[in-house]
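Below is one structure, written out as structure tokens; comments come after it.
The values are calculated or read from the model by the stated rules, or taken from the named source; none is laboratory data. These numbers were taken from a predicted model, which means no experiment stands behind them. Here the Cβ positions follow ideal geometry from the backbone for every residue, glycine too, while neighbour counts run over all protein chains shown.
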Amino acid sequence: MLAYGHGLMQRGPDYSDAELPQVALAMVSNIAANVEAFCRDKPSVDVWIEDPEPGFRQVWEMAGARGDVGTALAEYRIIHNASRRTTPPST
């Protein structure tokens with residue numbers, strides 16, 4: 001974030017604690033604008049976390065991916081770094 005503030009905002013390397021949230025907001029706003037501009041003329045696909053297979057298959061086809069989509073989906077379903085919940089979530 002400081003590199004963004006110094007290099008892109010053309011400010012010195014020292015920021016007060018009060019200025020850091022402004023730098024962060026400017027950086028996030030800039031990144032969001034760049035992503036939106038990049039994606040503007042690209043096709044999009046919704047991949048739902050609850051049921052990723054249909055979207056995953058669509059992305060696979062759009063990308064012209066080669067290989068075994070079943071194996072790729074099996075890898076996608078592997079849960080990594082799952083936390084163990086000892087109590088039910090509050091609603």
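Observations on the model:
- Contact map, the range 66-80: first residue assigned by TED's automatic domain parsing to the domain that holds Phe56 and surrounded by 10 or more Cβ atoms within 10 Å (Cβ to Cβ), second residue part of a loop (DSSP other than H, G, I, E, B) and not basic (Lys, Arg), Cβ cut-off under 8 Å, separation 6 or more or different chains; pairs are Ala72/Ala65; Tyr76/Pro52.
- Conditions (1) hydrophobic (A, V, I, L, M, F, W, C); (2) surrounded by 10 or more Cβ atoms within 10 Å (Cβ to Cβ); (3) over 16 Å from the mean Cα position of the chain (by Cα); number of the one not met by Ala63: (2)
- Enumeration of residues in the range 4-39 that are surrounded by fewer than 12 Cβ atoms within 10 Å (Cβ to Cβ) and either in the same structural domain as Gly70 (by TED's automatic domain parsing) or within 16 Å of the chain's Cα centre (by Cα) (or both): Ser29, Ile31, Ala32, Ala33, Asn34, Val35, Glu36, Ala37, Phe38, Cys39
- Tally, over the range 1-52, of residues that are of a type in the set (Gly, Ala, Ser) and under 30 Å from Gly64 (Cα atoms): 4
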